[in-house]
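A short worksheet on the structure shown next.
Just so it is clear, none of the values below were taken in a lab; they were calculated from the coordinates. Quick caveat: nothing in here was measured; it's all calculated off a predicted structure. All Cβ positions, glycine included, derive from the backbone under ideal geometry; neighbour counts span all protein chains shown.
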């Protein structure tokens, strides 16, 4: 059975697989690069900002309610937002913090970070165009190698 920890602020419906309630939220402090933003805005005459994540100090997890109880011998998929999943440094911090917070040890099952794939081939929309589910999850390129390694071990 697949285990999920949802660190987005809303339930994630993975069509025909699971409805995963929110367990909390990953927060990543952003740093606005004022020097670049000012130059861009002056040239294009529209407010533009350049941002980067403050890693590792700026990565926190705000758990809501009870933390999920998981089978530590099995893989865990941690669902985060797409921007969080794209930054390998943030992903590393999320994995480390989830492992510590949920009591995972070195020899326990692997923890992978994924995000809902909201592209046109995956998103399921209602009549108003709102996303009500996804057919698949996005795996960051830097996580694929780890998933392949874990699959060979099983």
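Key figures
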{"read-out": "Förster radius 22 Å - calculated FRET efficiency between residue 144 and residue 106, Cβ distance, rounded to 0.05", "value": "0.50"}
{"read-out": "DSSP-defined beta bridges in the chain - what % are antiparallel, rounded to 5", "value": "60 percent"}
{"read-out": "Contour excess over end-to-end distance, with Cα ends at residue 31 and residue 54 and 0.36 nm allotted per residue", "value": "7.7 nm"}
{"read-out": "Added length on full extension, which subtracts the Cα-Cα distance from 0.36 nm per residue, residue 152 to residue 86", "value": "21.3 nm"}
{"read-out": "Neighbour-count order for 148, 1, fewest beta carbons within 10 angstrom listed first", "value": "1, 148"}
{"read-out": "Computed [θ] at 222 nm, helices only, for the chain once each DSSP H run of length n ≥ 4 contributes -39500 (n - 2.57)", "value": "-8500 deg cm²/dmol"}
{"read-out": "Anisotropy class of the stretch 1-139 from Cα gyration tensor, a/c 1.5 cut", "value": "oblate"}
{"read-out": "Alpha carbon centroid spacing (whole Å) that separates the stretch 95-154 from the stretch 12-85", "value": "13 Å"}
{"read-out": "Per-pair calculated FRET efficiency, R0 = 30 Å: residue 19 and residue 72 via Cβ, rounded to 0.05", "value": "0.85"}
{"read-out": "Helix 141-153 vs. the chain, principal-axis angle (Cα, 0 to 90°, nearest 10)", "value": "10 degrees"}
{"read-out": "Modelled FRET efficiency - R0 30 Å, residue 46 with residue 118, Cβ distances, 0.05 increments", "value": "0.70"}
{"read-out": "Fraction of alpha-carbon pairs over 16 Å apart in the stretch 68-137 - percent", "value": "55 percent"}
{"read-out": "Gaussian network model of the chain, Cα within-10 Å springs - most flexible of 89, 23, 107", "value": "107"}
